[in-house]
Amino acid sequence: MVRVRVISTLTLVYLALTANLAPLNILMGVLVATAVTFLLPGRQEWQMSWRAWPAANWAFVRYVFMLSKDLVVSGIQVARIVLSPQMSIRPGIIAIPSETSSDLATAFSAHAITLTPGEMVVEIDEKGIMYTHCLNVHEAAISLPTNQRERRELLEKIFS
């Protein structure tokens, strides 16, 4: 019964985002929503107590703002690098430990890093270390561990 509600909600979100109520698009929305529900963790793994709910929501809001700020700042930095006649880049790969307790939190953290311009997680090993390609490895080595610690704290509150 829970899965039907989730599929219905995801289908409605899909239809709202596509703004297309054609029968084939509705069918596609149901198929995508069904596929997504099978990718989500089981219900027993994703339950949260009511006491943790406000803290998790506040952590989620802070996480979205942090991600938005990182996107804007790194986008400006990459634009400055690209528009500079010297192209002062020092590409390289650095290892960032995720240090999260769940695979879902590690995946969200890797996704946040990859979304930011100039950085991309190329591999995550079995210990949760994210190998990240950066346009400027020296600047990234300074800022990414601090950002990862903040992301980890927020994601732990969201997924605990």
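Quick note: the coordinates plus some simple rules give every number you see, no bench work behind them. The shown structure was predicted, so the numbers you read here are calculated from the model rather than taken from an experiment. Cβ sites come from the backbone with ideal geometry, for glycine too, and all protein chains shown count toward neighbours.
At full extension, A22 and Y131 could sit 35.0 nm farther apart than now, given 0.36 nm per residue minus the alpha carbon distance. Using C-alpha pairs under 8 Å with a sequence gap of at least 6, the mean separation divided by the residue count of the chain gives a relative contact order of 24 percent.
Find out how many positive minus negative residues lie around A95, taking Lys and Arg as positive, Asp and Glu as negative, among other residues whose Cβ is under 14 Å from that of A95. Could the numbers behind the result be given before it?
On the way: positive: K127; negative: E99, E119, E123, D125, E126.
That works out to -4.
Computed packing ranks the peptides 56-63, 131-138 as 131-138, 56-63, most packed first, by mean other Cβ atoms within 10 Å. The calculated pair-distance distribution of region 53-159 uses every alpha carbon pair, bins of 5 angstrom beginning at 0, and gives 2, 13, 23, 24, 17, 11, 6, 3, 1, 0 percent.
The protection proxy used here, the mean number of other Cβ atoms lying within 10 Å of each residue, ranks peptides 72-82, 113-123 as follows, highest first: 113-123, 72-82. Between Q77 and F60, residue separation times 0.36 nm minus the direct Cα-Cα distance comes to 3.6 nm.
Any chance you could run the full-extension gain for S143 through D103? It's 0.36 nm times the residue separation minus the Cα-Cα distance, nm to one decimal.
This chain segment gains 12.1 nm when fully extended.
Taking packing as the residue-averaged number of other Cβ atoms within 10 angstrom, the listed peptides 5-11, 34-40, 17-23 run from highest to lowest as 5-11, 34-40, 17-23. Our note on the geometry: Cα centres of region 58-106 and region 133-160, 8 Å apart.
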